[in-house]
Amino acid sequence: MAVNGSLVGRRAFITGGASGIGRACAVRLAEAGADVVVVDRDADAALAAAAEVGGTAVAADLSDLDAVDRLDLAVDILVNNAGLQHVAPLHEFPADRFSYILRLMLEAPFRLVRGALPHMYERGWGRVVNISSIHGLRASAYKSAYVTAKHGLEGLSKVIALEGAEHGVTSNCVNPAYVRTPLVEGQIADQAKAHGLSEDQVVEQVMLAPAAIKRLIEPDEVAETVAWLCSPSAASVTGTSLVMDGGWSAH
Ligand SMILES: NC(=O)c1ccc[n+]([C@@H]2O[C@H](COP(=O)([O-])OP(=O)(O)OC[C@H]3O[C@@H](n4cnc5c(N)ncnc54)[C@H](O)[C@@H]3O)[C@@H](O)[C@H]2O)c1
């Protein structure tokens with residue numbers, strides 16, 4: 001557990017920090033004392049989230065890699081979280097959507113890490129936390145871009161761990177199964193329509209089918225893991241993936 005106050009003096013940059021898991025991370029890291037920067041393409045929601053935690057809002061579309069390179073990356077903690085889903089069979093998957101998802105969920109994290117590491121190296125301390133997914137380790141049909149991006153993020157995270165170690169920088173992935181956020185609420189509604197099921201049936205029969213623990217994960221649970229990875233007791237944890245999947249991958 002991240003002791004409150006243990007992150008005083010640390011600046012935390014959270015992509016997609018205006019909603020869902022990112023927002024929960026903003027709250028939790030601020031509680032631990034970090035100075036939080038909420039980065040999101042939704043400018044109003046970013047302002048609201050930043051105001052809630054006494055932090056700073058930055059409006060940016062992270063799929064625009066030139067815009068990513070212009071961001072102020074003098075930060076000690078980088079949470080690569082912004083992401084979205086697109087569901088379609090491979091033979092119909094729109095090519096521009098595939099590129100967009102890889103840009104946002106893999107190339108932007110690379111650019112952000114590249115920009116942030118010099119500051120972290122200079123201070124001899126840094127924490128990179130990549131919000132991957134159970135889909136960083138397992139595939140599901142119809143999610144080609146998402147699964148590809150998350151598997152790539154797993155590789156990037158391990159390379160950061162190897163290069164960063166001598167500079168006091170750790171890098172890890174957090175791998176949740178379904179978390180109760182607007183992203184998932186949208187999928188529940190879409191799948192209910194597609195399968196002719198009620199929303200409760202989609203959650204129970206589709207989303208939670210592979211999991212042993214039959215409930216959605218709460219954003220706070222993911223944020224607690226992120227905070228722990230930034231805490232002194234996780235200083236030796238690097239290059240790994242912390243799975244929070246209710247037993248999905250135990251099969
Ligand atoms: N919800 C889940 O079940 C779940 C499970 C595993 C992993 N994840 C991962 O967690 C992360 C956050 O997901 P969430 O469920 O909290 O989603 P969410 O939709 O609640 O929040 C995502 C945030 O990212 C922002 N964003 C999207 N595109 C952006 C862009 N181009 N530039 C800047 N910001 C952008 C959105 O505005 C939003 O505020 C994603 O990487 C997702 O893949 C989610």
Would you confirm whether any residue within region 8-22 is on the phi < 0 side of the Ramachandran plot, more than 14 Å from the ligand (Cβ to nearest atom) and surrounded by 24 or more Cβ atoms within 10 Å (Cβ to Cβ)? yes
Where Ala60 falls short, out of the listed (1) under 25 Å from Gly186 (Cβ atoms); (2) in contact (Cβ under 8 Å) with a residue 60 or more places away in the chain: (2)
Checking the condition within 10 Å of the ligand (Cβ to nearest atom), out of contact with any Gly (no Cβ under 7 Å at 6 or more places or on another chain) and not acidic (Asp, Glu), which residue from Ala108, Ala50 passes? Ala108
Check Ser99, Ser140, Ser132 and return the single one that is hydroxyl-bearing (Ser, Thr, Tyr) and buried (at least 19 other Cβ atoms within 10 Å of the Cβ). Ser132
Looking at Ile160, Ile188, can you tell me which residue is among the aliphatic types (A, V, I, L, M), without any contact (Cβ under 8 Å) to a residue 40 or more places away in the chain and either within 13 Å of the ligand (Cβ to nearest atom) or closer than 21 Å to Cys25 by Cβ (or both)? Ile188
The lone exception for Val203 - which of (1) part of a loop (DSSP other than H, G, I, E, B); (2) without any contact (Cβ under 8 Å) to a residue 40 or more places away in the chain; (3) over 30 Å from Gly168 (Cα atoms) it fails: (1)
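Throughout, read-outs are computed from the coordinates displayed, never taken from laboratory work. What you see is a predicted model; the values in this text were computed from it and never measured. Positions of Cβ are backbone-derived with ideal geometry, glycine not excepted, and every protein chain shown enters the neighbour counts.
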